[in-house]
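None of the figures in this text is laboratory data; all of them are computed from the coordinates on show. Fair warning: this is a prediction, and the values are worked out from it, not measured in the lab. All Cβ positions, glycine included, derive from the backbone under ideal geometry; neighbour counts span all protein chains shown.
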Ligand SMILES: C[S@@+](CC[C@H](N)C(=O)[O-])C[C@H]1O[C@@H](n2cnc3c(N)ncnc32)[C@H](O)[C@@H]1O
C-alpha cells in the first residue's frame, strides 16, 4: 500500500481495496504491507507489517520513545516538512468548509526542548507518559520536546517514593521549577538535595503548598507574569512571545477591548499597552487573581478582570467594545459567546485557537458579518500534530 498523505492526527493515509485506511507512524512516500487492527464500515485502522519502501522524506526520529509514547507523531519528518503538513492541514480543514485561507507561518526557532510544562503519570512506582489514548504507561527518563530543566527533575522525582499518582512539572525561562504532585502515597522528599540539583521554587502536593511558593514568574515581551500552579500558560514561551506581539499589533489607541478566556491576563496586558481599556474574563480563580496582580506589578491601570464562566458573564457585560480577543479551550466558543460577539459586533475579533476544527465551526457562525483579514499558524507544539492558529477577523 502506498501512503499518500497524512490525516489531521498525523497518521499516514492509504487505500485498501478502495477503503480509506489510517496507518500510524507512516508518512507520504512510504510503501507498506499492513495488518488491519480496526475494520469499520467506512475506514480501517492498520499497523505496518513491514516497510516495502521508505519515503525519501523519512528521517530518523531523535526520540527513543517515538511510536511508543504517541506525543510527537511527526518526528520522522524534517522540521520544514512538519510545517508544510500543518499548513496543509489547516487549509484543508477550512477548504472542507468552503473557506480559502492564506496562512503566515510563525515557526519555532527551537523545535526541541521547548515545553515549559510536562504532565507525567506514576503507576506502580514507574514514571512516564500514557501511550496515546490508552492507560498504558510508557516509561521515560526524558522528553525531547521538554525543557531540559524539566527533564532534570525526572530522576529526582523517581526518588520521592511515589507509587501511584500524577506529576506536573513547570518551569520558566530562568529554569526555575514548580513540582505539582497528586498522590496519596507516603512521599519522601529531600528539599536540600533537590535544591542542589534544580532551581526549585515550590512543591504542591494535592493542591497544598508543601514547600516554597505555589507560583512561578515568567517575563515575556517585557511584561512580568505571575502564574499559579493551576493557571493556564502557553507551553512554549518563545512562540507565545510572537503570539502576544500579533495581538498587541492589532490593538490601537482608544480601543475598548474584551478578552474572553483571559487566563493570567497575558493577551489582556499585551492589548492594554495600546488600548484605552481591557476587560478580561476567566473561570479559574487563581488565574484571575494572577491577572489582577499582573496588571498591578506591570503598572497597568486600564484593565479589569472578572471571575466567571464566559457563557454566564457575557449575558451580564456591557456591549461597548470595539475589539474582542477570544482564546478558548479546545472545545471552542460556546453558543452564548458567539451570540454576544454577534450582538457586540466589534470591528475586529482576534480569535486565538488551539483546535482548528472548532475554530472553523465558530468562524462559520460569524462568517456573514466577519471576513478573515489575516491568519497565522504558530508552531507552538512542534513535532506534534497540534497547531495554534490566529484569525484576525474584520467586519465586512
Ligand atoms: C487557551 S487558554 C488561554 C488563556 C490566555 N488567553 C493565555 O494565552 O494565556 C483558555 C483559558 O480559558 C479558561 N476557561 C476555560 N473554560 C472557561 C469558561 N467556561 N469560562 C471562562 N474561562 C474559561 C481556562 O482556564 C484557560 O485559562
Using alpha carbons only, how many angstrom separate the centre of segment 223-283 from the centre of segment 310-332?
14 Å
Roughly what would the spin-label model give for residue 207 and residue 95, points 7 Å off Cα along C-beta, in nm?
4.7 nm
Measuring from label point to label point, each 7 Å out along Cα→Cβ, what is the residue 50 to residue 367 span in nm?
4.8 nm
Given 0.36 nm per residue, what is the gain on full extension from residue 273 to residue 68 after removing their alpha carbon distance, in nm?
69.3 nm
Between residue 186 and residue 320, what length in nm is gained on full extension when 0.36 nm per residue of separation is reduced by their alpha carbon distance?
42.9 nm
Here the tail fraction of P(r) beyond 19 Å, over all Cα-Cα pairs of segment 182-264, rounds in percent to 56 percent
Residue 330 and residue 347 label points (each 7 Å along its Cα→Cβ direction) are spaced in nm at 3.7 nm
At 20 °C and 1.002 mPa s, what whole-number value in µm²/s does Stokes-Einstein give for the translational diffusion of segment 278-372, with Rh from the Kirkwood sum over Cα pairs?
151 µm²/s
Please list, in order, the residues from segment 172-209 whose amide nitrogen is less than 15 Å from a point placed 7 Å along the Cα→Cβ vector of residue 113.
172-176
Across segment 1-58, how large is the tail of the calculated P(r) beyond 19 Å, expressed as a percent of all Cα pairs?
15 percent
DSSP bridge pairs, the chain: antiparallel proportion in percent, nearest 5
65 percent
Looking only at 309, 255, 192, which one moves most when the chain is put into a Gaussian network model with springs between Cα atoms under 10 Å?
192
How large are Rg and Dmax for segment 117-216 when calculated on the C-alpha trace, in angstrom?
12.7, 38
How fast does the chain diffuse by Stokes-Einstein, in µm²/s, taking the Kirkwood radius from C-alpha pairs at 37 °C and 0.692 mPa s?
145 µm²/s
Value of [θ]222 nm, deg cm²/dmol, for the chain, DSSP H segments ≥ 4, -39500 (n - 2.57) each, nearest 500:
-6500 deg cm²/dmol
How large is Rg/Rh for segment 1-109, to two decimals, with Cα atoms and a Kirkwood Rh?
0.98
